[in-house]
Amino acid sequence: MSTDKKTIQFRSALLRWFRKEQRDLPWRRTKDPYRILVSEIMLQQTRVAVVKDRYRQFLRQFPNARSLARAREQSVLAAWSGLGYYRRARALRAAAKSVVQNGEFPGSAERLMQLPGVGRYTAAAVASIAFGEPVAVVDGNVERVLARIAGRGLTHEQAWQSAQQLLEARHPGESNQAMMELGAIICLPGEPLCQQCPVARHCTARGAMTKSKPKPRLKATLCYELAQQHGRVFLEQRKRSASLMPAMWELPLRTGNTIKRRQAPILCVRHAITTTDYTVRVFAGKISNDTSGRWVPLRSVEKLPLTGLTRKILRKLELLP
């Protein structure tokens, strides 16, 4: 990509492909910075297929920054339940509060980065798509595309510089989305679809990339107790100081010696959280009067911010729709 002519050809070919082949995603139908911010925060560490439905549901409940800023934290966490990484929901609510207090949405990447939970990538994505600011984005997909074009690994800053050079400044939002789309569906890490790539002629390193050996995942077992009575289920709230999922609601966690010996679990499931794979056993139980927590009607249990595992367990037991 050493000459201006090649850069122009790259931009043109990429945009033509994107305008024809892009996936129909709901956040691509808007220039509303709030809605774009919601989508970008949701898409962090969550698959597109999961985000598509949850994005619509979340916006029905919180259609604008003001409605999100006014909402109780528990309501926001409940709406986020199942998406994981709940600090994102808290940061998004804090960002909405900042927008409302300032009376307007920040209109540049530099100002957007002052919002809680908004880093360089998210700020550039919102600024380019919503406001047309000619700033490039670099996520994992884009970084992989840039490395293949260059034929070598790039430092973090080199990747940002390369992305900025390739950006079509007249259509920055489309250009950024095209680069991300290329990495997501064509320039795959394992077996890239080079024959379908619109910019293959500009690529230096085709084929699979060398993968670093993944770290072995940890294994652990969790035991929960399910107590029901009169259409209600007993739940406990995690401490607000907890490092993982603070203030979320879950079934009572039990250590091995509190489960009756030879008691058979009513459910066994597998669940992954960050770097650990869990074997989860759920036992029928009774709650003593001195147990902290509360009885929650099953018809309204989803109004609470449940942990993803608790939601999975209740659905597996057909206690939730």
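No value in this document is a laboratory result; all are computed from the given coordinates. Source: prediction; values computed, not measured. Ideal geometry is used to build each Cβ from the backbone, glycine not excepted, and the neighbour counts take in all protein chains shown.
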Exposure-ranked with fewest Cβ neighbours within 10 Å first, Ser292, Ser67 stand as Ser292, Ser67
Can you tell me what share of the DSSP beta bridges in segment 218-316 is antiparallel? A percent to the nearest 5 is fine. 65
Beta carbons within 10 angstrom, averaged per residue: use that to sort the peptides 243-254, 217-228, 263-274, 138-149, highest first. 138-149, 243-254, 217-228, 263-274
Net charge within 14 Å of Asn141 by Cβ-Cβ distance, Lys/Arg positive one each and Asp/Glu negative one each, not counting Asn141 itself? 0
At a threshold of 8 angstrom on Cα-Cα distance, excluding pairs fewer than six apart, so keeping six or more, what relative contact order does the chain reach in percent? 17
If the cut-off is 19 Å between C-alpha atoms, which aspartates and glutamates fall inside it for Lys20, apart from same-chain ones fewer than 8 positions away? Glu168, Glu174, Glu181
Whole-Hz Karplus ³J(HN,Hα) for segment 186-196, in order, using 6.51 cos²θ - 1.76 cosθ + 1.60 and θ = phi - 60°, x for Gly and Pro? 10, 8, 6, x, x, 10, x, 8, 4, 5, 9
Excluding Thr122 itself, calculate the net charge of residues whose Cβ lies under 10 Å from the Cβ of Thr122, where each Lys or Arg counts +1 and each Asp or Glu counts -1. -1
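Using only alpha carbon pairs under 8 Å that are at least six residues apart, calculate the relative contact order of segment 1-153 and give it in whole percent.
Across segment 1-153, relative contact order equals 20 percent.
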Over what distance in Å are the Cα centres of segment 291-321 and segment 4-78 separated? 29
Mean Cβ-within-10 Å packing, highest first, puts peptides 80-87, 20-27 in the order 80-87, 20-27
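Using +1 on the beta carbon of Lys and Arg, -1 on that of Asp and Glu, and nothing else charged, what's the dipole of the chain about the Cα centre, debye to 20?
For this selection, approximately 980 debye.
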I want to verify a result. In a Gaussian network model of the chain, Cα cutoff 10 Å, which of these has the top mean-square fluctuation: Gln196, Gln164, Gln74? Gln196
Expressed as cubic angstrom per residue, what is the convex hull volume of the alpha carbon set of segment 218-316? 112
Tally of Lys pairs whose C-alpha atoms are under 26 Å apart, taken over segment 218-316, 8 or more apart or cross-chain: 16
If you take every DSSP beta bridge fully contained in the chain, what fraction is antiparallel? Give it as a percent rounded to 5. 65
